[in-house]
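The values are calculated or read from the model by the stated rules, or taken from the named source; none is laboratory data. None of the values given here were measured: they were computed from a predicted structure. Cβ coordinates were reconstructed from backbone atoms using ideal geometry, including for glycine residues, and neighbour counts include every protein chain displayed. All accessible areas refer to the heavy atoms of the entire protein, side chains included, with ligands and DNA or RNA removed. Shrake-Rupley method; radii C 1.70, N 1.55, O 1.52, S 1.80 Å.
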Amino acid sequence: MFGELRGELLRFLAARTGDRVEAEDLVQELWLRVSTAEPGPIGNGRAYLYRIAQNLVLDRVRERRRRERRDGEWADTQTIKVAGEAADARPSAADVIIEREEAAALAAAIAALPEGAGRAFRLHKLEGLPHAEVAAQLGISRSGVEKHIAVAMTHLRRALKD
């Protein structure tokens, strides 16, 4: 009976799995189960084969879900990622040192700004004050604040370029 229904069972399994290769594997597994089953009375051989085929599909789905969950849990515990991502979310020691050196260079460059440009830069860029408030605090025009900040930015670009 299996030989007669093999093509039908293959189509049935391919429709359930969406993959003809996996359906072929399941047909082979179905044959192994049927051929090694204990002989006994079967009321409806066709229904019996389809029931086993459906159970095989369900077993594969459950197995796939368990594997995905297990692999996902394992991947969450690992620090190594794929496709060029960082091995660890935390920066490496070298990156930390580089960031500290860059921060120190920036702080030194800000400290070396001309007095007026330095005050305007600190108030606007570091303290977040708008140009109008910086102008009021320094007793200069908004245009003067803009010029001071332009001077500061030019100075910082040059200092950090080296």
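Does region 110-127 hold any residues that are at pLDDT 90 or above and of a type outside the set (D, E, K, R), and which are they? Within region 110-127, Ile110, Ala111, Ala112, Leu113, Pro114, Gly116, Ala117, Gly118, Ala120, Phe121, Leu123, His124 qualify. Of the residues making up region 103-151, those that are without any contact (Cβ under 8 Å) to a residue 40 or more places away in the chain, part of a helix (DSSP H, G or I) and of a type outside the set (Val, Ile, Thr) number 30.
Please specify each residue of region 108-124 satisfying the condition of being within 21 Å of Ala136 (Cβ to Cβ) and either of a type in the set (Gly, Ala, Ser) or open to solvent by less than 60 Å² (accessible area, probe 1.4 Å) (or both). Matches in region 108-124: Leu113, Gly116, Ala117, Gly118, Ala120, Phe121, Leu123, His124. Condition first: open to solvent by 80 Å² or more (accessible area, probe 1.4 Å) and over 37 Å from the mean Cα position of the chain (by Cα). Now tell me which residues in region 12-40 satisfy that. The answer is Gln28, Trp31, Leu32, Arg33, Thr36, Glu38, Pro39.
What are the residues in region 1-11 that are more than 41 Å from the chain's Cα centre (by Cα) and part of a helix (DSSP H, G or I), if any? Hits for region 1-11 are Phe2, Gly3, Glu4, Leu5, Arg6, Gly7, Glu8.
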